[in-house]
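The values are calculated or read from the model by the stated rules, or taken from the named source; none is laboratory data. Keep in mind that this is a model prediction, so the values were computed, not measured. Counting neighbours? That spans all protein chains shown, and the Cβs are built from the backbone with ideal geometry, glycine included. In case anyone asks, the SASA skips ligands and DNA or RNA and just uses the protein heavy atoms, side chains included. Shrake-Rupley method; radii C 1.70, N 1.55, O 1.52, S 1.80 Å.
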Amino acid sequence: MAMNDATHLRYIGVIPQTEFLEYGFRVEDKDKEPRLIVMVIESDFFKKYSLKFQEAPDLCYQKLLADLRNEAAELPVTSRSSVTASDIAYYREMHPTGKPSRLRNRAL
């Protein structure tokens, strides 16, 4: 079932583990029981891909949102999903961070 207007996605929080972090979400569909979905990011991804801890919840949210939009009855979103390097690259492409240049910050 693809995500619709009656679907609510709520961020529950982060659960740090030894070698990864889990980001929990609750999916509430109008005609179904609520589901708990956990997105997993390996700890070394933060350093390897310069992923900020502040970016991770939104990255997971956006990935899950896309997965729910593409969900089909014969291929439902699983209760546990890992974030991949390509997920991080896609997120960065869709959410570029513009760092201010030194020249723009200089007083004239």
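Some notes on this structure:
- Only listed residue being at pLDDT below 95, closer than 18 Å to Gly24 by Cα and in a helix (DSSP H, G or I), chosen from Leu68, Leu103: Leu68
- Leu75 meets all of the listed conditions (1) among the aliphatic types (A, V, I, L, M); (2) open to solvent by less than 30 Å² (accessible area, probe 1.4 Å); (3) without any contact (Cβ under 8 Å) to a residue 12 or more places away in the chain but one, namely (2).
- Arg69 being of a type in the set (Lys, Arg), within 17 Å of Thr7 (Cβ to Cβ) and touching a residue at least 12 places away in the same chain (Cβ under 8 Å): yes
- Single residue of the range 1-26 satisfying the filter (farther than 15 Å from Pro57 by Cα and open to solvent by less than 90 Å² (accessible area, probe 1.4 Å)) that is modelled with the lowest pLDDT: Met1
- Any chance Phe53 is open to solvent by 30 Å² or more (accessible area, probe 1.4 Å), touching a Phe, Trp or Tyr at 6+ places or on another chain (Cβ under 9 Å) and at pLDDT below 95: yes
- Top-ranked residue in the range 71-91 [being at pLDDT below 90 and of a type outside the set (Gly, Ala, Ser); ranked as farthest from Tyr23 (Cα to Cα)]: Glu74
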